[in-house]
Amino acid sequence: MPELPEVEVVRAGLQAHVAGRVIARVEVLHPRAIRRHALGPEDFTARLAGARVEAARRRGKYLWLELSDKEAVLAHLGMSGQMLVQPEGAPDEKHLRVRVRFADGGPELRFVDQRTFGGLALADLTGEDLLPAPIAHIGRDPMDPAFDPAAAVRALRSRRTELKRALLDQTLVSGVGNIYADEALWRAKLHWSRPTEKLTNAQGRAVLEAATEVMAEALKAGGTSFDALYVNVNGQSGYFDRSLNVYGRQDRPCGRCGTAIRREPFMNRSSYFCPRCQRRGRT
DNA sequence: ATGGTGACCTGGAGGC
DNA sequence: TGCCTCCAGGTCACCA
């Protein structure tokens, strides 16, 4: 599942292989892939023709291709989205949703997405940071040079909910998904359902530092795994699997204390944690 | 305003 | 073999 590190790998690939190129023609093969573009496929394709890609940028799990005139193609990979750079004429992928051809006749960009949770949209860039308008409300991610850890801790503690819910709330801190939330909580020795009002400053700081650390390690592990034709990760948690300490490891021993990792239902999905290292209880 | 729930979507896994 | 159910989970519409 693409969380921040995976999306950053994709962004770097797009920067290397797409930035500086002029779009010739865009083809939408599945309307759901651009459902967040309110004006529809015709508007989307018409306005992109002739546009130049200035850069590939990212905040949290969102990435965007910056165009001239303060516009951008905003992308979210959802659960299964991929950005592929393929030679023109290469066989279409089964779940190819959008094709972008370039004026230079070089490799084309393909948005492939089996489960169609992801999508593309054309958006205006707004504010000092030139963020796409639809995501102007999300928080900075921990990789952002301007990320303010103290402010992020305050934001987490201002909520009245379970710690993991707060970690997954992209308006507080962006980029953290289910996998890295569980990993960060394990590293910080905090239980996923700890009430945020009982979270101390030190604990808040610890879990954010852990999240930053684990995502940086994952990024490092993934930074070598794409080449010119495949600007992506594999859609699973992929190359970083081996380094996960709790996620998906139900009944296997905790790497710290040997206790069996437990899985609990959480928001129609799962939370994995060590019942010994990560106590629910009091501070 | 805030917090919590279910829908969206497809394919792989596992039960019978 | 084949049918069925469950599961994965990021985001958003919707509800209280």
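The values are calculated or read from the model by the stated rules, or taken from the named source; none is laboratory data. This one's a predicted model, so the numbers in the text were calculated from it and none came from an experiment. Virtual Cβ from ideal backbone geometry, glycine too; neighbours counted across all protein chains shown. In case anyone asks, the SASA skips ligands and DNA or RNA and just uses the protein heavy atoms, side chains included. Shrake-Rupley method; radii C 1.70, N 1.55, O 1.52, S 1.80 Å.
Residues in the stretch A:124-140 that are open to solvent by less than 60 Å² (accessible area, probe 1.4 Å) and in contact with a Phe, Trp or Tyr (Cβ under 7 Å, 6 or more places away or on another chain): A:PRO132, A:ILE135. Scanning the stretch A:155-191 for residues that are in a helix (DSSP H, G or I), within 18 Å of A:ARG263 (Cβ to Cβ) and aliphatic (A, V, I, L, M) yields A:LEU163, A:LEU167, A:LEU168, A:ILE179, A:ALA181, A:ALA184, A:LEU185. Only a single criterion out of (1) within 16 Å of DNA strand C (Cβ to nearest atom); (2) aliphatic (A, V, I, L, M); (3) within 17 Å of A:GLY60 (Cα to Cα) is not satisfied by A:LEU122, namely (3). Which residue is least open to solvent (accessible area, probe 1.4 Å), if the candidates are limited to the stretch A:192-217 and must be assigned to a helix (DSSP H, G or I) and within 14 Å of DNA strand B (Cβ to nearest atom)? Across the stretch A:192-217, the extreme among qualifying residues is A:THR196.
Among the residues making up the stretch A:51-79, those that are in a loop (DSSP other than H, G, I, E, B) and open to solvent by 20 Å² or more (accessible area, probe 1.4 Å) are A:LYS61, A:SER68, A:ASP69, A:LYS70, A:MET79. Of all the residues in the stretch A:144-190, those that are more than 24 Å from A:GLY248 (Cβ to Cβ) and either within 14 Å of DNA strand B (Cβ to nearest atom) or open to solvent by 20 Å² or more (accessible area, probe 1.4 Å) (or both) number 18.
Scanning the stretch A:9-49 for residues that are surrounded by 13 or more Cβ atoms within 10 Å (Cβ to Cβ), under 19 Å from A:ASP69 (Cα atoms) and within 16 Å of DNA strand C (Cβ to nearest atom) turns up just one, A:HIS37.
Scanning the stretch A:252-283 for residues that are surrounded by 12 or more Cβ atoms within 10 Å (Cβ to Cβ) and in a strand (DSSP E or B) yields A:PRO253, A:ALA260, A:ARG262, A:ARG263, A:GLU264, A:PHE266, A:SER270, A:SER271, A:TYR272, A:PHE273.
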